[in-house]
Amino acid sequence: QVQLVESGGGLVQAGGSLRLSCAASGRSFTTYTIGWFRQAPGKEREFVGAIRWGSGLTDYADSMKDRFAISRDNARTTVDLQMNNLKPEDTAVYYCAISPTFLARTSDEYNHWGQGTRVTVSS
């Protein structure tokens, strides 16, 4: 059974950094994409970025590619989201999810989701 567990969220001041982790288990993810999404209060879920597990290729939403970076650790079976220069508008619940589609960008292409981790950026 596929399981995704996010961690690393919390409260940070604007300009600070956070590193979120997504621990994945239950299958081999070599041919899968791990995506990060976020959902702010009152807003729709938004694509942040994704990584193809086997190749390590990444893709990001244009508005985040200069501040966010995704990496994977094969030994720990985790995918990390490094977020730098955080802004109050980055406040959201962040989710990781898996998709069989190469670097999928839409939430309906993802079929397993974690429970999310909350990030709050204070001004």
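The values are calculated or read from the model by the stated rules, or taken from the named source; none is laboratory data. Quick caveat, the model's predicted, so the values are computed rather than measured. Quick reminder, even Gly has a Cβ in these numbers, built from the backbone with ideal geometry, and neighbours come from all protein chains shown. These area figures cover heavy atoms from the full protein model, side chains too; ligands, DNA and RNA do not enter into them. Shrake-Rupley method; radii C 1.70, N 1.55, O 1.52, S 1.80 Å.
Flag not set for residue 92, criterion: touching a helix residue (DSSP H, G or I) at 6+ places or on another chain (Cβ under 9 Å), of a type in the set (A, V, I, L, M, F, W, C) and modelled with pLDDT of 95 or more. Residues that are among the hydroxyl-bearing types (Ser, Thr, Tyr) and in a strand (DSSP E or B) are absent from segment 8-19 altogether.
Taking residue 39 as the residue in question, decide whether it is loosely packed, with under 13 Cβ neighbours inside 10 Å and in contact (Cβ under 8 Å) with a residue 40 or more places away in the chain.
Against the criterion (loosely packed, with under 13 Cβ neighbours inside 10 Å and in contact (Cβ under 8 Å) with a residue 40 or more places away in the chain), residue 39 does not qualify.
Within segment 100-115, the set of residues being farther than 12 Å from residue 45 by Cβ and assigned to a helix (DSSP H, G or I) comprises 109 only.
Residues are listed down the side, and each one gets a yes or a no for (1) over 18 Å from residue 1 (Cα atoms); (2) touching a strand residue (DSSP E or B) at 6+ places or on another chain (Cβ under 9 Å); (3) touching a residue at least 12 places away in the same chain (Cβ under 8 Å):
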site: 22; (1), (2), (3): no, yes, yes
site: 25; (1), (2), (3): no, yes, yes
site: 44; (1), (2), (3): yes, no, no
site: 65; (1), (2), (3): yes, yes, yes
site: 72; (1), (2), (3): yes, yes, yes
site: 81; (1), (2), (3): yes, yes, yes
site: 86; (1), (2), (3): yes, yes, yes
site: 105; (1), (2), (3): yes, yes, yes
site: 114; (1), (2), (3): no, yes, yes
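The residues of segment 52-99 that are in contact with a Phe, Trp or Tyr (Cβ under 6 Å, 6 or more places away or on another chain), assigned to a loop (DSSP other than H, G, I, E, B) and either over 19 Å from residue 9 (Cβ atoms) or not small (Gly, Ala, Ser) (or both) amount to a single one, 53.
As for segment 105-120, it holds no residue that is open to solvent by less than 10 Å² (accessible area, probe 1.4 Å), polar (S, T, N, Q) and under 13 Å from the mean Cα position of the chain (by Cα).
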